[in-house]
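In what follows, a single structure is set out as structure tokens and then discussed.
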Amino acid sequence: MSILLLNMGTIAVSVIHQGFAIMQKIRVARLLAAAASVSFFAVAASADAGVPMLFVTFPAMVVALVPIVLLETVVLARTLKARAIPLAKSAAIANVVSTIIGIPLTWVALVILELVTDGGSAHGLATPLQKFLAVTWQAPWLIPYERELYWMVLAASLVLLVPFFFASYFIEAPIVARIERRFPAPQVRAAVFRANVASYIGLAIFNLVWLAWSIEHAPRM
């Protein structure tokens with residue numbers, strides 16, 4: 001048991017060190033992260049109220065990292081026809097980087113887009129179209145319709161999985177390709193795409209089940 005724990009600790013330290021090394025090599029990502037921080041504080045200062053969905057989705061993504069890495073490792077191994085254990089480190093590093101950089105950057109960009117297109121204003125929930133726009137167009141930063149948030153937060157989380165998926169793929173694919181140079185780059189990119197499809201389908205199913213449960217047990221007005 002002690003040997004197993006020691007090995008797991010060694011792998012974890014290696015993953016963290018390689019993750020930081022890769023993030024240091026991605027200079028563009030560092031610059032974007034700095035710009036995103038400035039943009040975030042500017043957006044937060046200009047917003048009077050609402051639900052910034054980053055604070056809902058980001059912790060959930062962090063909690064889900066372990067099962068996501070395990071699932072994506074299996075998909076990568078089957079697609080590349082290779083052993084899963086060596087690929088686990090690549091999947092872990094790529095997912096840590098995409099979660100730390102990709103999710104916040106994508107959210108900030110979406111919030112800015114929401115604000116510049118007048119999505120920061122309350123347009124009501126009187127019609128089905130207004131409800132749809134409230135959890136799609138305004139998904140990054142929800143308008144505080146307090147009595148409707150029990151379903152709006154989950155619906156917006158489901159919508160945000162789409163841009164987060166593409167952000168994750170475009171960040172993870174070059175990272176895994178850089179680490180797993182024993183495979184052709186196009187093959188690695190295809191494997192990473194399939195792995196992300198599998199993990200995001202899992203997240204979507206979980207979200208849908210929770211949304212259905214919330215609607216079924218909606219608070220009485």
Sorted on mean Cβ neighbours within 10 Å (highest first), peptides 136-143, 183-190, 75-82 come out as 136-143, 75-82, 183-190
Residues whose modelled amide H sits under 5 Å from the amide H of Leu142, counting only those 5 or more places away in sequence or on another chain, are Val51, Met53
Around Val74 (Cβ within 13 Å, Cβ-to-Cβ, excluding Val74; K/R +1, D/E -1) the net charge comes to +3
Highest mean packing first, using Cβ neighbours within 10 angstrom, the peptides 100-107, 157-164, 53-60 sort as 100-107, 157-164, 53-60
Given 90-96, 128-134, 165-171, the highest-first ranking by average Cβ count within 10 Å works out to 90-96, 165-171, 128-134
Expressed to two decimals, the range 80-197 has a Cα Rg over Rh, using the Kirkwood radius, of 1.13
Placing one equal point scatterer on each C-alpha of the range 136-187 and summing with Debye, one gets log10 I(q)/I(0) at q = 0.17, 0.32 Å⁻¹ equal to -0.61, -1.14
Around Ser90 (Cβ within 14 Å, Cβ-to-Cβ, excluding Ser90; K/R +1, D/E -1) the net charge comes to +3
If each K or R counts +1 and each D or E counts -1, the residues other than Val176 whose Cβ falls under 13 Å of its Cβ total +3
D (µm²/s, integer) via Stokes-Einstein for the range 145-221, Kirkwood Rh across alpha-carbon pairs, 10 °C, 1.306 mPa s: value 111 µm²/s
The alpha-carbon center of the range 112-172 and that of the range 59-105 are separated, in whole Å, by 26 Å
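Throughout, read-outs are computed from the coordinates displayed, never taken from laboratory work. Being a predicted model, the structure only gives us computed values, none of them experimental. So basically every Cβ, Gly included, is an ideal-geometry build from the backbone, and we count neighbours across all protein chains shown.
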